[in-house]
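Below is one structure, written out as structure tokens; comments come after it.
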Amino acid sequence: MRESILSKYMKITKVEALEKIAKRIRMNIIQEIYYAKSGHPGGSLSIADILTVLYFNEMHINEKEPQAEGRDKLVLSKGHASSALYAVLAEKGYFPKEELVSFRNISSNLQGHPDMNKVAGVDMTTGSLGQGLSVANGMALASKMDQRGNRVYCILGDGELQEGQIWEAAMTSSKYELDNLCVIVDCNNLQLTGKTEEIKNLNYEDIEQKFRCFGFNTNIIDGHNIEAILDAFSKAEMCKNKPTAIITKTVKGKGVSFMENNPNWHGKAPNDEEYRKAIEELSVEK
Amino acid sequence: MDNEEKIATRESFGRALSELKENRIVVLDADLDSSTKTEYFKKLYPDRFIQNGIAEADMIGTAAGLAACGKIPFASTFSAFATGRCYDQIRTSIAYPKLNVKICGTHSGITVGEDGATHQMLEDISLMRSLPNMTVISPADDISTKALVNKIARYEGPVYLRLSRMNTPVIYKDDEKFEIGKGKQIGDGKDATIFSTGDVVAECIKAQELLKNENINIRVVDMYSIKPIDTELILKCASETKVLFSVEDHNIIGGLGTAIADILCEQCPKKLIKMGIPDCFGHSGRPSDLMKYFGIDANSIVEKIKEEIN
């Protein structure tokens, strides 16, 4: 009994700590895009909590050894959310946080879309949608061949599922029983020109069903609930002989009131006033 | 050469691949391993063979992921699908990140024959050589294919290997050496140079023999390395011979002829007569009939050279 109270307490502390980090990640994202005067805030903010849990709790990684063999890897298939990945990598210490303001600048390594050869901690170059799951499969297969046991995470956008290659790859994931692979689908239900469920009849329930039919262990969670994300990752790790797809219900632009659920914030930067307001909102302690 | 053993470069590729003693090699195929000849590797090393099914884009991506983890993937399918269908996957997931993937396209060119235009890839050299970081290798016979499969396995970086379905004569001796970035000069005639690549090099050599009987002495240069290309050899032949020709089983736009013209126009302006598929799609037929139709068989080459020289 005492133990369970203790573990509950530790979990609450862990969740609170991760929530605080996620807030800093969101501030980093806004800062990057504000200074770059371009970028993709909506889809970056929607994966901030997932990335926080991955890099600060889940993944077996060492920022001092970004190329270590046998590390866990992440493929950010929706590469336009690069600002979120850089935000978390800088926060983790892969490179100085001061570099974030150089995002998208000609003298910067922080490219508009992630480049694995330019930024420490970026495990795969992405940008053209639909390719990440195949790559993650290749990484998971290599890990199996070498009997290393490292895990591979792949973040897909819901709009990205309109790319056919995702489903080619999904068949490969289940055929090779890649239980060291965990797919996270960011279901914010918005893409550049409108609602994902209207553009291609894809809502989070359809998505869950599709991945299940393709042989995945699936789970639908709130993608902004740290505790739920933690639980989903530990369940994924326990599942054997099947890849896992965690369908996360998210809010595009999450954390900045005027960006939330607004497709206009898919790919634009805040002006001075909006920047000030966004940082102010994110600075408020709960 | 007619009486000699003939073998398709896809066959040589499959055999060489299965003989590579390097356990980081992983072979991927898209339901064509009996045609691409990766089946030999599959039989020997089933644990290092990935069957992606009829999903070429997925195969290319999987290969990229394997390479990112230190494997040496050889991804194989028909060149039409390997390069055309997967251009963007190659561009974003292999060439840009400079991952160590060998893309092996068999059934290139019109010599595919009866399957017709959809399967006769005539733009692959053009597509692949315009990609930064990409090496493009196009061997002409059994010996060079085997040697170059070994070379590219040891080379670190993305490679496109262009192979053929049609059986072709063995040109080289067993101990002949081949280097990425070099070409191979055959003969030292000064009347003309034919630069060629892949399965039509043998036709050029036949043409060379036929022309000899008419006292026209030419040299053939096997440009098995299209990128990087042997600039020095091109310039040497341009200065030593009167007329320059290129012969290729590929669209005359963007292929070997274009690559040579790029060098000539900047460093040694000289007329180059490009022979190949004249910016059109192929069609069904026997490979020998198609080569004749498109003017890249030995007799057509002879006629064209005589016409230009006289």
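Read the figures in this text as sums done on the coordinates, not as results from a lab. Just so you know, these numbers come straight off a predicted model, no measurement behind them. Methodologically, a virtual Cβ is constructed for each residue, glycine included, from the backbone with ideal geometry; neighbour enumeration extends over all protein chains shown.
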Checklist entry - Modelled label-to-label distance, A:ASN271 and A:GLU65, 7 Å Cα→beta-carbon offset: nm? => result 5.1 nm
Checklist entry - Of the residues A:ILE229, A:ILE33, A:ILE221, which exhibits the maximal mean-square fluctuation in a Gaussian network model of chain A defined by a 10 Å Cα contact cut-off? => result A:ILE221
Item to check | Anisotropy class of chain A from Cα gyration tensor, a/c 1.5 cut | outcome: rounded
Checklist entry - Once you have the alpha carbon radius of gyration of chain B, what is it after dividing by 2.2 N^0.38 Å, with N set to its residue count? => result 0.95
Checklist outcome for this item: Karplus-derived 3J(HN,Hα) from phi for the range A:7-18 (6.51 cos²θ - 1.76 cosθ + 1.60, θ = phi - 60°), whole Hz, x at Gly and Pro, runs 5, 5, 4, 5, 5, 4, 4, 4, 4, 5, 4, 5
Item to check | Relative exposure of B:VAL27, A:VAL88, judged by other C-beta atoms within 10 Å (fewest first) | outcome: A:VAL88, B:VAL27
Next on the checklist: Amide H of B:THR168 versus every other amide H placed in the peptide plane: which residues, excluding those fewer than 5 positions away on the same chain, fall under 5 Å?
Outcome noted: B:ILE7, B:ALA8, B:THR9
Item to check | Distance between modelled label sites at A:SER38 and B:LEU235, nm, 7 Å Cα→Cβ extension | outcome: 3.9 nm
Checklist outcome for this item: Residue-normalised 222 nm signal for chain A, counting each DSSP H run of n ≥ 4 as -39,500 (n - 2.57), nearest 500 deg cm²/dmol, is -13500 deg cm²/dmol
Checklist entry - Classify the range A:176-286: rounded, prolate or oblate, from the alpha-carbon gyration tensor (a ≥ b ≥ c, eigenvalue square roots; a/c under 1.5 rounded; otherwise prolate if a/b is larger than b/c)? => result oblate
Next on the checklist: So, R0 is 41 Å and r is the distance between the beta-carbons of A:CYS213 and A:VAL284; what FRET efficiency does that work out to, to 0.05?
Outcome noted: 0.45
Checklist outcome for this item: Amide H contacts under 5 Å for A:LEU156, restricted to residues at least 5 apart in sequence or on another chain and with H modeled in the peptide plane, are A:ILE184, A:VAL185, A:ASP186
Next on the checklist: Restricting the calculation to Cα positions, tell me the Rg (one decimal) and the Dmax (whole number) of the range B:1-101 in Å.
Outcome noted: 14.0, 47
Checklist outcome for this item: For the A:GLU16, B:ASP88 Cβ pair and Förster radius 51 Å, calculated FRET efficiency rounded to 0.05 is 0.75
Checklist entry - Spin-label point model (7 Å from Cα, Cβ direction): what's the B:CYS265 to A:SER7 distance in nm? => result 7.2 nm
Checklist entry - In what order do B:THR62, B:THR77, A:THR218 fall by count of nearby beta-carbon atoms within 10 Å, going from fewest to most? => result A:THR218, B:THR77, B:THR62
Checklist entry - Seen from all sides and averaged, what is the projected area of the convex hull of the Cα atoms in the range B:6-169, in nm²? => result 8.1 nm²
Next on the checklist: Per DSSP helix of 4 or more residues, -39500 (n - 2.57); summed, then divided by the residues of chain B. What does that give at 222 nm, rounded to the nearest 500?
Outcome noted: -10000 deg cm²/dmol
Checklist entry - Past the 21 Å Cα-Cα mark, which pairs from A:LYS92/A:LYS118; B:LYS177/B:LYS271; A:LYS78/A:LYS195; B:LYS151/B:LYS274? => result B:LYS177/B:LYS271; B:LYS151/B:LYS274
Checklist entry - By the gyration tensor of its Cα atoms, with a ≥ b ≥ c the square roots of the eigenvalues, what is the shape of the range B:209-310: rounded for a/c under 1.5, prolate for a/b over b/c, or oblate? => result oblate
Checklist entry - Quick one: Karplus J couplings for the range A:137-151, per residue in order, coefficients 6.51, -1.76, 1.60, θ = phi - 60°, nearest Hz, x for Gly and Pro? => result 4, x, 5, 5, 5, 4, 4, 5, 4, 8, 6, 8, x, 6, 9
Checklist entry - For A:HIS113, A:HIS80, what's the fewest-to-most ordering of other Cβ within 10 Å of each Cβ? => result A:HIS113, A:HIS80
Checklist entry - Residues with amide H under 5 Å of B:ASP249's amide H, sequence separation 5 or more or different chain, H placed in the peptide plane at 1.01 Å from N; which? => result B:THR197, B:VAL200
Item to check | Added length on full extension, which subtracts the Cα-Cα distance from 0.36 nm per residue, A:GLU177 to A:LYS235 | outcome: 19.3 nm
